[in-house]
Amino acid sequence: MLSSPHLSQPMNGLKDIVETRNFKAWLLDQYGVLHDGKQPYPGAISTLKNLATVGAKIVIISNSSRRASTTMEKLQGLGFDPSFFTGAITSGELTHQSLQRRDDPWFAALGRRCIHITWKDRGAISLDGLDLNVVENVEEAEFVLAHGTEAIGLSSGGVSPMPLEELEKILEKSAAKGLPMIVANPDYVTVEANVFHIMPGTLAAKYEELGGEVKWMGKPHKMIYESAMAIAGVANPEEAIAVGDSLHHDIKGANVAGIESVFITGGIHGSELGLTSFDETASLDSVKTLAAKHNAFPSYVLSAFKW
C-alpha cells in the first residue's frame, strides 16, 4: 500500500528490491514496461537478464487480446531472449481457453453464434478451434466477443473495417437484446511509440453503461494473476510481485490478488505525472494523488524498468 515504508526510500532500480525481498515470481506487464510496441525501452533487455540471473521466475501478464505464444514471438522479435521467461498469460489466451474448455458455468451457458469485434490494421484474431459461428446480424447472435476496436468479423472469415461510432451502434443493439459480452482485452487505451490507441476495455465500459453484461478477461481481475502464479509454480501471494505502468490494471490487479507491486511511472501515466522524458522521476506527491484517484496502491515506484 502507499503507506508502505518502501515508498519513502529512494528506489534506484529493481536491484534494490531483489536485495531486500526474495520474490520467486515476477509478473511483468509488457507495453509501457519492457517496450513501447515498436522497440525495447533503454536497459530493459539487460534488466530482464539480471532478473533472470538471480533465479526469478518471470511471467508476462498482459491484457493483449492475442494468444500467449504470439506475445512471446513478439518479445523475441524485439530482442528479448525467450529463455529468460518461464511463460506468459494474456487476456486473449484466457479467453481462448475458457471458450474452448467451457468448464466454467458462465461459458458453458454461452451459445456458439457471436458478433466478433476485432482488429483491422493490427491483424484480426483467429477463432480457430473454438467451434464458433461468426454472424453479422445482432438478431442472430448469442453473445459478443471483443478482441479489438477496428472491425467486425465476417462469416466468411474476413473482416469489415468499422469506425467506433458504428461499433457503438452494434453494441446498443446487442445490449438491448441482452447479449452477454466477453472482452478479451480490458485495457481502455494503450501507448504504442507514444501514440494512444483505443482498446476493447473502452467498448466494454460503454457496454456496461448501456446495461449490458460484460465478462472481463484480464487485469485487474484476479483470475489472470492466479494463472500467472500457477505458470511460475507459486501458490503463496507473498512470493509474487507484479510490475506494470497502469494503476487501474496492473497495480489495482496486484492489490486485488494480494501481491506486491512496482509502479513504472514512465508508461501510460507519464503525461499525467508531468513527465516529459524517459527515466524522469515523478514526484512522490503526484504519484500518491494519482494512486488515490485510481484507488490502486503500489508497494514500490520506479521511473522505468531498470536494474
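State, as an integer percentage, the relative contact order of segment 63-112 based on alpha-carbon contacts under 8 Å between residues 6 or more apart. Please report the intermediate quantities before stating the final value.
On the way: 37 pairs, mean separation 20.2, N = 50.
About 40 percent, as a whole number.
Mind checking the full-extension length gain between LYS49 and GLU139? Use 0.36 nm per residue of separation minus the Cα-Cα distance, one decimal, nm.
The span from LYS49 to GLU139 would gain 27.2 nm if fully extended.
Describe numerically, in nm with one decimal, the distance between label points set 7 Å from Cα along Cα→Cβ at LYS177 and at LEU130.
With each label placed 7 Å out from Cα toward Cβ, I get 1.7 nm.
Out of the total accessible area of the chain (probe 1.4 Å, heavy atoms of protein only), what percent is carbon and sulfur?
48
Just name one of LEU75, LEU132, VAL287: the one whose Cα is farthest towards the positive end of the charge dipole of the chain (beta-carbon charges, Lys/Arg +1, Asp/Glu -1).
Looking along the dipole axis, the top candidate is LEU75.
May I ask you to order 60-66, 277-283, 223-229 by the average number of other C-beta atoms within 10 Å around their residues, highest value first?
60-66, 223-229, 277-283
For the chain, state the semi-axes of the equivalent ellipsoid (square roots of 5 times the eigenvalues of the alpha-carbon gyration tensor), sorted largest first and rounded to whole angstrom.
34, 20, 18
Hey, what's segment 167-307 come to in accessible area per residue, 1.4 Å probe, Å²?
Roughly 40 Å² per residue, with all protein chains present.
Explain nothing, just the number: dipole magnitude of the chain about its Cα centre with +1 on each Lys and Arg Cβ and -1 on each Asp and Glu Cβ, in debye rounded to the nearest 20.
Charge dipole, the chain, about its Cα centre: 480 debye, nearest 20.
Per-residue counts of other Cβ atoms within 10 Å, averaged by peptide: what ranking do you get for 18-25, 266-273, highest first?
On the way: 18-25: 15.2, 266-273: 19.5.
Answer by packing, highest mean first, reads 266-273, 18-25.
For segment 83-172, run through the trypsin sites (Lys or Arg not before Pro) and keep only the ones in DSSP coil with at most 15 other Cβ atoms within 10 Å of their Cβ.
Within segment 83-172, the qualifying trypsin sites (Lys or Arg not before Pro) (loop, at most 15 other Cβ atoms within 10 Å) are ARG102, ARG112, LYS120.
Can you give the FRET efficiency for LYS120 and THR20, using 1/(1 + (r/R0)^6), R0 = 41 Å, r = Cβ-Cβ distance, to the nearest 0.05? It would help to have the intermediate numbers written out before the result.
Working: r = 47 Å, r/R0 = 1.14.
Computed FRET efficiency for LYS120 and THR20: 0.30.
Averaged per residue, what accessible surface does segment 1-108 expose to a 1.4 Å probe, in Å²?
45
If packing is taken as the mean number of other Cβ atoms within 10 Å per residue, what is the order of 89-99, 38-48, 241-251, highest first?
241-251, 89-99, 38-48
The values are calculated or read from the model by the stated rules, or taken from the named source; none is laboratory data. Keep in mind that this is a model prediction, so the values were computed, not measured. Cβ coordinates were reconstructed from backbone atoms using ideal geometry, including for glycine residues, and neighbour counts include every protein chain displayed. Remember, those area values only see protein heavy atoms, side chains included, never the ligands or the DNA or RNA. Shrake-Rupley method; radii C 1.70, N 1.55, O 1.52, S 1.80 Å.
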